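Encoded as structure tokens, the structure appears first; notes follow it.
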Amino acid sequence: MPIIKKDVLVIGAGPGGSIAAAYLQKQNYDVLVVEKQKFPRFVIGESLLPRCMEHLQELELISEIEKAGFQKKKGVVFTWKERTFEFLFAEQFTPGFTWTWQVQRAKFDKILIDTVQNRGVAVNFEHEVVAVDFSDKIKKTKVKDENGNYYTVESKFVIDASGYGRVLPKLLDLNKASSFETRTAVFSHIKNHWKKNDAFDSNKIVIDTIDDDKTWMWLIPFSDGTTSVGVVGNNDSIKKCAIDPKSNLKPYLEQVYTFKRLFSKVEFIKEPSSISGFSIGVKKMYGNGFVLCGNSTEFLDPVFSSGVTFAIESGMKAAKLVAKELQGETVDWEKDYTIYMQKGIDVFRTYVRTWYDGTLHTIFYADEVRQEVKDRISSVLAGYVWDEKNSFVKKHARTLENLAKVIQMY
């Protein structure tokens, strides 16, 4: 069996893998990326957060992405029972980027990995990791190529950025059930048939609560005259949509208040799909010569668009720590990686939980919300979930719950 020797093997060519490979290449390490699928490929998670821009800027990737002309994102609008609440990233507590992009992931992911490849990183598409042996100092990873042939990658370190594929969690028995109840998302892309509505701003995504506070819809406008739409929940209507998305998503969308207000009709340009049980965790994020990043660590819920942000954040953090270790420095993976990433994950976990239990609805749709509160929550929604100067980060659960209680008293 052929043997390929590299400093680092990265599993997965999505944003986390691309960011990790870009950083390590910049540090002059010999990196191989293996990706099971062929790019471009369709995937959801199309709304970035401003925090992502910090890392894209550091790796000099922004100019390459700008050429694609993606729709800029400057905020998010929440709607519920004809009520509206808007967050603008320009109005946030934490200093940082005040905008990002709404992207078709097929195009965005390909730009990232193509740029990494053009900088000298080897990338093998349609190659699948089938086994690993991490018992020695040199890690051995068995890979099958698109023709069914096998080879072994010998590397000093392995970064798993395989996303929903969760390669190492499966091979090393690291998967852990999520504390969230099982939910389903049904989604597609539609052609824009906007009604004349001067109030609508394509620089913002829309999150619309449907029926109750546990079922919701996203609208993510793109720059090419199309929009990503999706419905998330766990009720019978969503399950019916998931069984036959092609037949049931269109009539479901047509009854949603915000959709009816903005669109004159539904015209799919991509066949509707569904995914269920997407929330999942891991027993540990790192081990002897390997680290997990992106959705290979933990995926919470799509409601606050945290998926790509965590992929990019963890990809960069993992790559920096791997580089330190390869340079002979001592790395405290528990403190510098697991605890660091867990802090951000825990903040978003609280916001997801309080979204579904109605706490955030109480806050968002109060008769009056102080600008200071909006600014601090806006920073969270922008992805700045490691800024402990922000009370809505440092004491996230207590602050949200106390605020909701005060609002309910008046």
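The values are calculated or read from the model by the stated rules, or taken from the named source; none is laboratory data. This one's a predicted model, so the numbers in the text were calculated from it and none came from an experiment. Using ideal geometry, Cβ is built from the backbone for each residue, glycine included, and neighbour counts are taken over all protein chains shown.
Numbers below:
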{"read-out": "Residue count, region 380-390 (criterion: surrounded by 15 or more Cβ atoms within 10 Å (Cβ to Cβ) and over 25 Å from Y410 (Cβ atoms))", "value": "6"}
{"read-out": "Filter result for S247 (in contact with a Cys (Cβ under 6 Å, 6 or more places away or on another chain), assigned to a helix (DSSP H, G or I) and of a type outside the set (A, V, I, L, M))", "value": "no"}
{"read-out": "Residue match in region 144-156 (condition: under 17 Å from L326 (Cβ atoms) and buried (at least 20 other Cβ atoms within 10 Å of the Cβ))", "value": "yes"}
{"read-out": "Condition check for D346: within 22 Å of the chain's Cα centre (by Cα), surrounded by fewer than 22 Cβ atoms within 10 Å (Cβ to Cβ) and at pLDDT below 95", "value": "yes"}
{"read-out": "Failed criterion for H361 (all others in (1) assigned to a loop (DSSP other than H, G, I, E, B); (2) closer than 26 Å to G75 by Cβ; (3) of a type outside the set (D, E) hold)", "value": "(1)"}
{"read-out": "Considering residues of region 22-59 that are polar (S, T, N, Q) and closer than 14 Å to I113 by Cβ only, the residue surrounded by the fewest Cβ atoms within 10 Å (Cβ to Cβ)", "value": "Q37"}
{"read-out": "Scan of region 91-136 for residues that are surrounded by 18 or more Cβ atoms within 10 Å (Cβ to Cβ), closer than 30 Å to D375 by Cβ and among the hydrophobic types (A, V, I, L, M, F, W, C), ordered by number", "value": "F93, F97, W101, V103, F108"}
{"read-out": "Residue match in region 362-376 (condition: farther than 25 Å from F290 by Cα, surrounded by 15 or more Cβ atoms within 10 Å (Cβ to Cβ), touching a strand residue (DSSP E or B) at 6+ places or on another chain (Cβ under 8 Å) and among the small types (G, A, S))", "value": "no"}
{"read-out": "Identity of the residue in region 141-169, within 23 Å of M316 (Cα to Cα) and basic (K, R), that ends up modelled with the highest pLDDT", "value": "K156"}
